[in-house]
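Note sheet for the following structure.
The values are calculated or read from the model by the stated rules, or taken from the named source; none is laboratory data. Note that this is a predicted model, so its numbers are computed, not measured. Every residue, glycine among them, receives a Cβ derived from its backbone with ideal geometry; neighbour counts consider all protein chains shown. Areas reflect the complete protein model, heavy atoms only, side chains present, ligands, DNA and RNA absent. Shrake-Rupley method; radii C 1.70, N 1.55, O 1.52, S 1.80 Å.
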Amino acid sequence: MNRIRYMVEKEIRQLRRNPVLLRIMLVAPIMQLILLSYAANYEVKNLNIAVVDGDHTTYSQRLVGKFRYLTNFNMTGYLPNDKQARQTLLAGNADLVLVIPPHFERDLEKEGRAAVQLLLNAIDGSKAGIANGYATAIIRDFNADILAETRTVTPGAVQKLDVQNQYWYNPRLEYKTFMVPGVLFELLLLVGGLVSALNLVREKEIGTMEQLNVTPIRKHEFILGKSIPFVLIGVVLFTVGLLLGRFLFQIPMEGSIVLMYLFALLFLILCVGLGLLISTMAENQQQALFVAFFLLVLFILLSGLFAATENMPDWAQWLNAVNPLKYIVEVGRDVMLKGSTFADVSGQFFTLAGMAVGLLVLASWRYRKTV
């Protein structure tokens, strides 16, 4: 135990003497949590819409009016023709153009049907799809109003279905409620994986690793001594992140705090094991940074942090089976937002525990006291 205690004390002193690394561990994760939660936002607001009104009748003005007074749309003005509409889309001055053809009102009154056209800037396919959904819903609502006025039935009889939406777990539909639980654990991967790898490889570069190798310290004592400081720092950052999520972002905490800390501790051990494994394979900090950065980007993109994993191709879902961030993101959202218990997330727990043990064993096997 004394050797482990001395190793932990050495690591803490070494971190204190490296202000750059200390800032990366303490400041960068908190800034990332705040910036990502606000900036990484897929909510579509302030859509610029232009109108080509070829009819100039009461009905066409009523349809345009439904777009004018919604917060999701900014009316940029009227355009004279389709050619000008396409040029406006090309210049990026409008996200959507509503084209109302001539004789729009006459066709509705005489034939009971009329067509309108929606031109969308679909470079951002996700934004275009959501904008199309908004616009289609507005046109459908306008259609229901016209049917209620022109048919000899009461307005309530036209709308046969009354849909009332109830949004569970995120009633305000705020994207940061979706992001914060995932980003919170992604930060632990940054501290436990990247920083621990760089710290150990730095010892190789400055020569202190050779001094450790000639001491009687055992492998498991070396691994524990290297892991404990980063786990403790990770727990502190996790606590700060939870407080920011609760009081700054107003994220509900429906589940058990103890369960969250249990998974955070397990995930930190896994991340430190990954960092130690990387450090045993890299000869310098540049190599360690490259390998760690590659794995971090891969884990983050495939984890479901930004998009649902169910929508990914089959090969990506197979690859996700060994992605620890995927399991911990699921746990964070389930426990924080749904109030899931240990029984609900036990599968993720044993999977992460198996990965943590495997990485630590592999890192211990790779570590050599002789060159």
Within the stretch 275-296, tally of residues that are surrounded by fewer than 16 Cβ atoms within 10 Å (Cβ to Cβ) and among the hydrophobic types (A, V, I, L, M, F, W, C): 4
Output for the stretch 297-324, where each listed residue is surrounded by 17 or more Cβ atoms within 10 Å (Cβ to Cβ) and either assigned to a helix (DSSP H, G or I) or on the phi > 0 side of the Ramachandran plot (or both): Phe299, Ile300, Leu302, Gly304, Asn320, Pro324
Any hit, the stretch 57-65, residues being touching a helix residue (DSSP H, G or I) at 6+ places or on another chain (Cβ under 7 Å) and assigned to a loop (DSSP other than H, G, I, E, B): yes
Arg23 being modelled with pLDDT under 70 and either closer than 12 Å to Leu187 by Cβ or open to solvent by 80 Å² or more (accessible area, probe 1.4 Å) (or both): yes
Filtered residue count, the stretch 198-231, keeping only those that are in a helix (DSSP H, G or I) and within 19 Å of Leu359 (Cα to Cα): 17
Qualifying residue in the stretch 344-351 (condition: loosely packed, with under 13 Cβ neighbours inside 10 Å, among the polar types (S, T, N, Q) and on the phi < 0 side of the Ramachandran plot): yes
Residue in the stretch 282-295 that is at pLDDT 85 or above, in contact with a Phe, Trp or Tyr (Cβ under 9 Å, 6 or more places away or on another chain) and polar (S, T, N, Q) present: no
Residue count for the stretch 325-343, restricted to those that are crowded, with 20+ Cβ neighbours inside 10 Å and without any contact (Cβ under 8 Å) to a residue 12 or more places away in the chain: 0
Helices (runs of 4 or more DSSP H) contained entirely in the stretch 100-175, each with at least 3 residues that are of a type outside the set (A, V, I, L, M, F, W, C), more than 30 Å from Ala307 (Cα to Cα) and modelled with pLDDT of 75 or more: 104-111, 125-150
Single match in Val180, Val195 (criterion: part of a helix (DSSP H, G or I), at pLDDT 85 or above, within 38 Å of the chain's Cα centre (by Cα) and among the β-branched types (Val, Ile, Thr)): Val180
Residues of the stretch 351-365 that turn out to be over 14 Å from Ser279 (Cα atoms) and of a type in the set (Gly, Ala, Ser), as a count: 4
Any hit, the stretch 361-371, residues being over 23 Å from the mean Cα position of the chain (by Cα), at pLDDT below 90, on the phi < 0 side of the Ramachandran plot and small (Gly, Ala, Ser): yes
